[in-house]
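Worksheet: one structure, shown below.
The values are calculated or read from the model by the stated rules, or taken from the named source; none is laboratory data. Just so you know, these numbers come straight off a predicted model, no measurement behind them. Don't worry about glycine lacking a Cβ; one is built from the backbone with ideal geometry, like all the others, and counts go over all protein chains shown. Remember, those area values only see protein heavy atoms, side chains included, never the ligands or the DNA or RNA. Shrake-Rupley method; radii C 1.70, N 1.55, O 1.52, S 1.80 Å.
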Amino acid sequence: MGKTKITIVCENRAGAIPGLIGEHGFCALVEKNNERLLLDTGQGLGLIANAAALNISLDGIQKIVISHGHFDHTGGLAKLPRQNETIDIIAHPHIFNPKYVRRESISSAGDKNGNTSGDAKTAGNPPDDSKNYEFIGLGLSQKKIETDLNARFKFNTQFVEISKGIFFSGEIPRRTDFELSDTRLLTRQGNDFLPDPLLDDSALLIETGSGPVILSGCAHSGIVNIMNHFSRKTGHTKFHAVIGGTHLGFLNSDVQLEKTMDAFQDYDLELIAVSHCTGNQAAAECYFRFRDRFSFANAGWSREF
């Protein structure tokens, strides 16, 4: 099957490599099949510097997958160099939907898990005044991205193989009773601000020599829903690894974390490498339960499979 290498380029925390910086966001490089693919691009603050620190060339990227349309996963699209060959950008069509969060709930200190992004802001019962809302969506048009990057969007809502052994989830059914929709995040329809169902939330399944690996940007749909979805689509009852954002930093209840860790156990994960929106508390509890199977997937973290 050949080797697969996954490297975290942008993440909230940076590893001990000179020149790396942390930013609230996520970007991972997947190298497989003599192809280089990015999942997300961070918010654009660290992409260029971190790629240089990691000796990663951002020229010749063949594909970009966008996990969802929030700024901390898409902002780096404005920083990427124009590609000589046309690059495919795979995403759900809702990534361009207007995405907002309630301004008054922003805390410079962050939440109890150390998160300070739009994901930590609460919607509540929104007032009529639109000035109370902050835009946290993709701030570029499809046309500008395609023109500036020499790219073409390939929108998909379905599970699909995008490269040999690499699968895009498409829309992820929300079937668990403990991973609830995040009503703190909003979308705009006319003058109304409504809870964003985040149907654009997506992830990757990568077949490797070590076993199937799930790579997630933020897991707004629930990391257990993601594992269950990939299991239904592929027949896998075991996954080698889950890497990336798990959204466990914004728990609906302690029950969610316990049931999530139970699912990690049921799927017999050999590696749980968390990033971004996992939060300090959930990461700590995962470490104490899984010990040598746990890792912080910070900027600079890399693993071959």
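Brief remarks follow.
- Residue match in the range 275-283 (condition: at pLDDT 95 or above and over 27 Å from A91 (Cβ atoms)): no
Residue by residue, here is whether (1) open to solvent by 10 Å² or more (accessible area, probe 1.4 Å); (2) touching a helix residue (DSSP H, G or I) at 6+ places or on another chain (Cβ under 8 Å); (3) among the aromatic types (F, W, Y) holds:
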position	(1), (2), (3)
G190	yes, no, no
F193	yes, yes, yes
P197	yes, no, no
S202	no, no, no
S253	yes, no, no
F288	yes, no, yes
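- When restricted to residues that are open to solvent by 10 Å² or more (accessible area, probe 1.4 Å) and on the phi > 0 side of the Ramachandran plot, the range 223-251 contains 2.
- Output for the range 37-57, where each listed residue is in a loop (DSSP other than H, G, I, E, B) and farther than 20 Å from G139 by Cβ: L54, N55, I56, S57
- Looking across the range 223-243 at every residue that is assigned to a loop (DSSP other than H, G, I, E, B) and of a type outside the set (S, T, N, Q), the one that is nearest to F305 (Cα to Cα) is identified as H240.
- Of all residues making up the range 255-265, the number that are under 21 Å from F305 (Cα atoms) and open to solvent by 10 Å² or more (accessible area, probe 1.4 Å): 1
- Options G60, G19, G2: the member that is touching a helix residue (DSSP H, G or I) at 6+ places or on another chain (Cβ under 9 Å) and either surrounded by fewer than 22 Cβ atoms within 10 Å (Cβ to Cβ) or in a loop (DSSP other than H, G, I, E, B) (or both): G19
Listed here are the residues, each with its yes/no results for (1) under 30 Å from A16 (Cα atoms); (2) free of Cβ contacts under 8 Å to residues at least 24 places away in the same chain; (3) open to solvent by 10 Å² or more (accessible area, probe 1.4 Å); (4) of a type in the set (V, I, T).
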site: G209; (1), (2), (3), (4): yes, no, yes, no
site: S221; (1), (2), (3), (4): no, no, no, no
site: I272; (1), (2), (3), (4): yes, no, no, yes
site: N280; (1), (2), (3), (4): yes, no, yes, no
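- Among the residues of the range 169-188, those that are open to solvent by 50 Å² or more (accessible area, probe 1.4 Å) and either under 19 Å from N225 (Cα atoms) or out of contact with any Phe, Trp or Tyr (no Cβ under 9 Å at 6 or more places or on another chain) (or both) comprise E171, R174, R175, D177, L180, S181, T183.
- Single match in L80, L29, L38, L45 (criterion: aliphatic (A, V, I, L, M) and surrounded by 24 or more Cβ atoms within 10 Å (Cβ to Cβ)): L38
- Within the range 149-167, tally of residues that are open to solvent by 60 Å² or more (accessible area, probe 1.4 Å) and either at pLDDT below 95 or touching a Leu at 6+ places or on another chain (Cβ under 8 Å) (or both): 0
- Of the residues L248, L198, L186, the single one that is touching a residue at least 24 places away in the same chain (Cβ under 8 Å), under 24 Å from Q265 (Cα atoms) and aliphatic (A, V, I, L, M) is L248.
- Filter pass, R303 being over 18 Å from the mean Cα position of the chain (by Cα) and of a type outside the set (S, T, Y): no
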